[in-house]
Amino acid sequence: MADQSRIGSDWNAEELDAIVADYFTMLADELAGRPYVKSHHNAALRERIGRTAGSVERKHMNISAVLVELGLPTIDGYKPFSNFQDALGRTIERYLIANPTALTGDAVAPRWRQDGQSHSAAAGLSELPAIFVDETPPPPGKPRPTRPDGLERLVRKFDPVARDFRNRSLGKAGEALIVDFERRRLEKLDRRDLASKVRWVAQEDGDGAGYDIHSYDRQGNDRLIEVKTTQGVRSTPFFLTRNELSLAHERPEHFRLYRLYEVARAPRLFKLKPPLEEAVTLEAETWRARVG
């Protein structure tokens with residue numbers, strides 16, 4: 001039964017802590033393939049905190065909006081709703097500090113991933129998830145809406161771009177998936193000879209080549225693939241290194257950037273080809289500094 005005195009009032013810290021923890025519990029179940037019932041969670045929260053069903057539903061949607069900004073997966077069906085109080089961001093901040101694996105994905109690792117590798121590579125299984133290839137990548141050039149100060153501070157603290165860049169387990173999982181994807185693609189084109197030659201360059205030779213995977217097109221021409229992987233949505237930004245951009249300029253007919261997103265649930269992919277400046281909006285992030 002809803003507490004009439006709370007209708008229309010801001011949620012307090014105890015209520016926000018309860019619903020944020022509940023959201024991440026459902027999210028972990030969803031990404032791990034464990035069954036759960038949203039209405040049961042909603043009812044349990046209403047019993048505990050005295051809010052209406054609609055209020056609980058909207059707050060779950062508010063949490064989705066924050067997680068999208070943080071480049072994290074969200075619960076399917078809770079469409080992001082951005083009109084939320086600053087206290088929600090502070091609550092999510094407290095939760096992420098106390099539960100850092102929610103940021104790295106270790107707590108909700110994709111079922112096809114083990115220690116940064118695909119199941120087929122790590123466990124000898126033959127099946128990887130199908131990748132949905134998005135033929136309409138997000139258009140560049142649209143200015144990012146100004147975030148409220150509290151949300152901007154939160155995003156800077158848990159920067160999804162830097163976090164994805166540092167997360168080698170996530171990056172290797174994405175690369176392994178694309179190696180398999182490219183081999184299957186060439187086999188479907190009746191080019192098993194080329195499929196057998198696909199190389200995971202970043203794994204075999206280390207970073208520094210400006211691309212991760214050496215593959216081929218149907219005619220046998222080189223396809224130099226740089227893979228960018230995120231748990232977030234397709235508009236989640238990513239780092240592009242000077243080396244990668246230089247290679248795209250030097251070999252535009254061969255270089256391809258594969259953006260893997262929503263990998264914690266069901267991997268989706270869009271592809272970019274040079275000139276990358278026409279496909280993405282480049283923003284200066286860091287500078288090399290020297291003295292003397």
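Above 18 angstrom, tally the Cα pairs of the stretch 1-103 and express them as a % of all pairs, no decimals. In whole percent, the share of Cα-Cα pairs in the stretch 1-103 beyond 18 Å is 43.
The amide H of ASP134, built 1.01 Å from its N in the peptide plane, has LEU269, PHE270 as neighbours under 5 Å, considering only residues 5 or more places off or on other chains.
Computed from label points 7 Å out along Cα-Cβ, the spacing between ALA53 and ASP17 is 2.9 nm. The lysine pair count for the chain, using Cα distances under 23 Å and pairs eight or more places apart or on different chains, is 21. Helix 86-98 axis versus longest C-alpha principal axis of the chain: approximately 60°, rounded to the nearest ten. Between the helical axis of 168-188 and the longest alpha-carbon principal axis of the chain there is an angle of about 50 degrees. Contact order for the stretch 217-270, expressed relative to its length and based on alpha carbon pairs under 8 Å spaced 6+ residues apart, stands at 45 percent.
Convex hull volume of the C-alpha atoms in the stretch 164-265, normalised per residue: 102 Å³.
Between SER196 and PHE165, the distance separating the two model label sites (each 7 Å from Cα on the Cα→Cβ line) works out to 4.0 nm.
Principal-axis analysis of the Cα atoms of the chain puts helix 53-69 at an angle of about 30° to the longest axis. Summarising the label geometry, the points placed 7 Å from Cα in the beta-carbon direction at SER82 and THR281 lie 1.2 nm from one another. Provide the per residue accessible area, probe 1.4 Å, for the chain, rounded to a whole number of square angstrom. Per residue, the chain has an accessible area of 54 Å². Between LEU269, LEU45, LEU189, the residue with the greatest mean-square fluctuation in the GNM of the chain (Cα pairs under 10 Å linked by springs) is LEU189. With the contact rule set at Cα under 8 Å and sequence spacing of 6 or more, what percent relative contact order holds for the chain? This gives 17 percent for the chain.
The values are calculated or read from the model by the stated rules, or taken from the named source; none is laboratory data. Just so it is clear, the structure is predicted and the values come from calculations on it, not from any experiment. Every residue, glycine among them, receives a Cβ derived from its backbone with ideal geometry; neighbour counts consider all protein chains shown. Remember, those area values only see protein heavy atoms, side chains included, never the ligands or the DNA or RNA. Shrake-Rupley method; radii C 1.70, N 1.55, O 1.52, S 1.80 Å.
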